1. Gap in Å between the Cα centre of region 57-111 and the Cα centre of region 1-51?
2. Can you compute the helix-only [θ] at 222 nm over the chain? Use -39500 (n - 2.57) per DSSP H run of at least 4 residues, normalise by all residues, nearest 500 deg cm²/dmol.
3. Say R0 is 35 Å: what FRET efficiency, to the nearest 0.05, do LYS15 and LYS53 get from their beta-carbon distance?
4. Under 29 Å from the Cα of LYS4, which lysines turn up, not counting those fewer than eight places away in the same chain?
5. Can you list the chymotrypsin sites (Phe, Trp or Tyr not before Pro) in region 5-111 that are in a DSSP coil and have 13 or fewer other beta carbons within 10 angstrom?
6. Cα to Cα, under 17 Å, and not fewer than 8 places away if on the same chain: which aspartates and glutamates meet these conditions relative to LYS59?
7. Here are several values of Kirkwood radius over Cα pairs in Å: [x] 18.1; [y] 23.6; [z] 14.9. Which one was derived from the coordinates shown?
8. Enumerate the lysines that LYS77 could reach by cross-link, defined here as Cα to Cα under 22 Å, with residues fewer than 8 away along the same chain left out.
Amino acid sequence: MASKLKKEFIELLEKGKEFRYSVAGLIGYSEVLEEIKKLREDFSRRFEEHDRKFESILKRLEKHDERFESLTEEIKKPSKRFGEYEKVQKDFNEALKRRLDALGDEMGFDE
């Protein structure tokens, strides 16, 4: 008996649009759909919020990268200047040595 009733019920669901909607309403199908809709809206809102935060973090990271590169260049400048000073000092020492050698030769000193 129950088996026959199940088959008839399924047939009515398959064939009768109005009956199907009535049953869906009775079992709370529209409430379930409404909750799914609310969850989807909430998820979208949260996703957009996270997306904005992520974009903000990316912008800050780009600024940090730019600042890091700028600081790296600033750090390199003294070492470049130091190399220039070394060359000036080396040239000065060579010129001084030549001058002292010349003075020594004029005064008759041997090395």
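Since every read-out is calculated from the coordinates, none of them should be taken as a lab result. Quick caveat: nothing in here was measured; it's all calculated off a predicted structure. Cβ placement follows ideal geometry from the backbone for every residue including glycine, while neighbour counts extend to all protein chains displayed.
1. Result: 80 Å between the Cα centres.
2. Counting only the DSSP helices, I get -34000 deg cm²/dmol.
3. E(calc), rounded to 0.05, equals 0.10.
4. Those lysines meeting the cut-off are LYS15, LYS17.
5. Sites meeting the loop and neighbour criteria: PHE109.
6. By straight Cα distance, LYS59 reaches GLU48, GLU49, ASP51, GLU69.
7. Computed from these coordinates, Kirkwood radius over Cα pairs in Å corresponds to label [y].
8. Filter leaves LYS63, LYS87, LYS90.
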